[in-house]
Amino acid sequence: MDADGQRLLCIIVPCFNEEQVIEQTWAAIHHVVCDLVHVSTQIYFVDDGSTDTTLFKLNALARRDPDVRVISLSRNFGHQAAISAGLDLADRQADCVLVMDADLENPPALIPKMLDVLDHGHDVVMGVREAERAVPLWNRLASRAFYWIFNQLSDMPIKAAAPDFFLLSRRAREALSQMPEQRRFLRGMVAWIGFDRAYVHYVPPARAAGQSKYTFSRMLEFASDAVFAFSSLPLRLALRLGLLLSGLGTAGLLACALGFAIMHAYSPWTILAALITALAGLQISAVALVGGYVGRVFEESKARPLYLIKQAPDEQRRLDQPRIAPVTSTTITASAVRGARHLRTKN
Ligand code: UDP
Ligand code: MG
């Protein structure tokens, strides 16, 4: 907060070939932030190597609106990298940082509500889709399957239907910037940093114009990045499977030996099958053991902080300070939001 009691909100908007919608998006954001009280805003459009006129249009917007900043990446690095660039380059003095898509699927009209919720003592406010998006059935099923599998596998469950539409306090943003990993899955990273969080539900409008940039192969890559970065369960399962198989094979061999001792008869095929099972189990276990070490090297290479601090020894306990009202979750529809511009942020 500056001397005039103004807070600085930085809005980060990743854009890849969004020429059809970008001016409309700027207008919608501008319209909302103009009405905010005691909040000054900077809008960071991150052009992620667009091959259309997006960058040209963004630069024209920056000439018109002094609150607009344009970051242009040298090529297309992907949605997560574009957001990360914005988080790195947005004003370090910002009191809070909002991340939203450029296609108006994340309604800017929700911004006042999200700021309001942040003011109730939270560090992370996430937009959560209340209904299915207007995207093809195949995409919806793939998205549901992804969240289900991720949450089964991961030690760090994430909320389904929560896209990269979130507002972070300064310390939450700083925590995120301490995570230098290359293959980034921001939703998981935002879950990983902890802190108090709240959810603002909304009914997602359809993409205002243009097309989704997530092709099937991109979605697969995104999903595998997410699972590999946040789950070691497949490794543990492999070890368990290996141990189970070698246990079964050994039990089979023992049974054969017992049969031979009692009845003086044996079946060479049974012995062979038991041997193969035991050896296969041993091999899988050995590979899983090597994988365990590789997994630890991977964990180290991510270089995440060992811990993050919510309250330092010399800090007044923030949560003990009286809150306006505890808010953990709130539901708001896009239509309700349109009429909710009277909401004001509190300092
Ligand atoms: N985006 C980006 N780089 C990419 C792909 C997408 O910056 O390589 C941006 C895109 O312009 C949009 C946001 O990321 O603002 C979400 O992309 P999209 O709407 O295509 O994804 P969907 O909403 O269909 O999941
Ligand atoms: Mg979209």
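What helices (runs of 4 or more DSSP H) lie completely within region 14-105 and have 2 or more residues being more than 21 Å from the chain's Cα centre (by Cα), within 27 Å of Asp119 (Cα to Cα) and within 15 Å of ligand 2 (Cβ to nearest atom)?
Answer list for region 14-105: 22-34.
Condition test on Leu245, is it on the phi < 0 side of the Ramachandran plot, part of a helix (DSSP H, G or I) and surrounded by fewer than 15 Cβ atoms within 10 Å (Cβ to Cβ)? Can you show your working first?
Numbers: on the phi < 0 side of the Ramachandran plot: yes; part of a helix (DSSP H, G or I): yes; surrounded by fewer than 15 Cβ atoms within 10 Å (Cβ to Cβ): no.
No.
What's the number of the condition Glu132 fails, among (1) within 16 Å of Arg207 (Cα to Cα); (2) touching a strand residue (DSSP E or B) at 6+ places or on another chain (Cβ under 7 Å); (3) acidic (Asp, Glu)?
(2)
Please work out which one of (1) under 19 Å from Lys213 (Cβ atoms); (2) in contact with a Cys (Cβ under 7 Å, 6 or more places away or on another chain) is the condition Ile71 fails and give its number.
Against the list (1) under 19 Å from Lys213 (Cβ atoms); (2) in contact with a Cys (Cβ under 7 Å, 6 or more places away or on another chain), Ile71 comes up short only on (2).
Scan region 167-221 for residues that are farther than 22 Å from Ala28 by Cβ, touching a residue at least 24 places away in the same chain (Cβ under 8 Å) and aliphatic (A, V, I, L, M) and jot them down.
Ala172, Ala175, Leu176, Met179, Leu186, Val190, Ala191, Ile193, Ala198, Met219
State all residues of region 108-124 that are buried (at least 23 other Cβ atoms within 10 Å of the Cβ) and within 16 Å of ligand 2 (Cβ to nearest atom); if no residue qualifies, say none.
Leu110
Taken together, the values in this text are just the output of simple stated rules run on the coordinates, not laboratory data. Since this is a predicted model, take the numbers as computed values, not measurements. All Cβ positions, even for glycine, are placed from backbone atoms using ideal geometry, and neighbour counts span all protein chains on display.
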